[in-house]
1. Could you order Met1, Met21 by accessible surface area, starting with the largest, using a probe radius of 1.4 Å?
2. 5 Å is the cut-off here: which amide hydrogens, built 1.01 Å from N in the peptide plane, fall below it relative to Ala123, excluding neighbours closer than 5 in sequence?
3. Under 25 Å from the Cα of Lys109, which lysines turn up, not counting those fewer than eight places away in the same chain?
4. What aspartates and glutamates sit close enough to Lys29 to cross-link, taking a C-alpha to C-alpha distance under 16 Å and skipping anything fewer than 8 places away on the same chain?
5. Using the Karplus curve 6.51 cos²θ - 1.76 cosθ + 1.60 with θ = phi - 60°, what ³J(HN,Hα) values do you get for each residue of segment 44-61, in whole Hz, with x for Gly and Pro?
6. About its Cα centre, how strong a charge dipole does the chain have in debye, to the nearest 20, once Lys and Arg get +1 and Asp and Glu get -1 at the Cβ?
7. Suppose a student asked you for the relative contact order of the chain, using Cα pairs under 8 Å spaced at least 6 residues apart; what percent would you report?
8. Students often get this wrong, so try it: which of (1) 18.1, 66; (2) 20.1, 65; (3) 15.9, 45 is Rg and Dmax of the Cα atoms in Å as calculated from the structure shown?
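The values are calculated or read from the model by the stated rules, or taken from the named source; none is laboratory data. Because the structure is a prediction, the values reported are computed rather than measured. Ideal geometry is used to build each Cβ from the backbone, glycine not excepted, and the neighbour counts take in all protein chains shown. Remember, those area values only see protein heavy atoms, side chains included, never the ligands or the DNA or RNA. Shrake-Rupley method; radii C 1.70, N 1.55, O 1.52, S 1.80 Å.
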Amino acid sequence: MKYSNNYTAMDRELLMQKVQMQMSEKRFKHVLGVEETAIALANKYGASPEKASIAALTHDYAKERNDGEFQLVIRRDGFDLELLKWNNAIWHGIVGVDFVQRELGIDDKEILDAIALHTTGAAEMSLLAKIIYVADFIEPGRDFPGVKEAREIALINLDDAVAYETKHTLAYLIEQSKPVYPKTIETYNKWVANHG
């Protein structure tokens, strides 16, 4: 895919190189799977394939950073200090946007919002944010009970796919007795409980 320079000064190859340098080979393979899925969903649902590519390639850019880097950015850059009670699972999206902006020079609000929300979702999500949220869940490398059904739903109705993912993620967190980030509950209330 050829980038237009509207959202990043880098071409796709350079962006991929910069992303790859920040993560393990396994994580990078996941990122490429998310990109492939996100572009397909963007084409199906009428979003920008270029934005989908950029958001997908950068969604886990900060995933393998150490906790100290996240904590520093949270304190330094005016994030809600309640975030310090959480961990990388939450930080790499919400705070990861800061790394994407500063280090990669990507400033497009829709792309950054999609990165920020890709693990928690939100009551209000743009089409791109829904695409990245779902693509991260169903990319070809994922293998868990229900992923086949999730892929089928994503090809029929994106909002239903958001609901399916949210319900399964919340059920997993509850089953594992893990804390649930408040925005995830908001996502559930909007896309599952009130989805009709």
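1. On the way: Met1 100, Met21 150 Å².
The ranking, largest first, comes out as Met21, Met1.
2. Thr187
3. List returned: Lys2, Lys18, Lys44, Lys51, Lys63, Lys130, Lys183, Lys190.
4. Glu13, Asp60, Glu64, Asp136, Glu139, Asp143
5. Whole-Hz 3J(HN,Hα) from phi for segment 44-61: 5, 9, x, 8, 6, x, 5, 4, 4, 4, 5, 5, 5, 4, 9, 5, 10, 3.
6. Details: 23 positive and 30 negative charges, 35 e Å.
Taking the Cα centre of the chain as origin, the dipole is about 160 debye.
7. Values: 255 pairs, mean separation 39.5, N = 196.
Relative contact order comes out at 20 percent.
8. (3)
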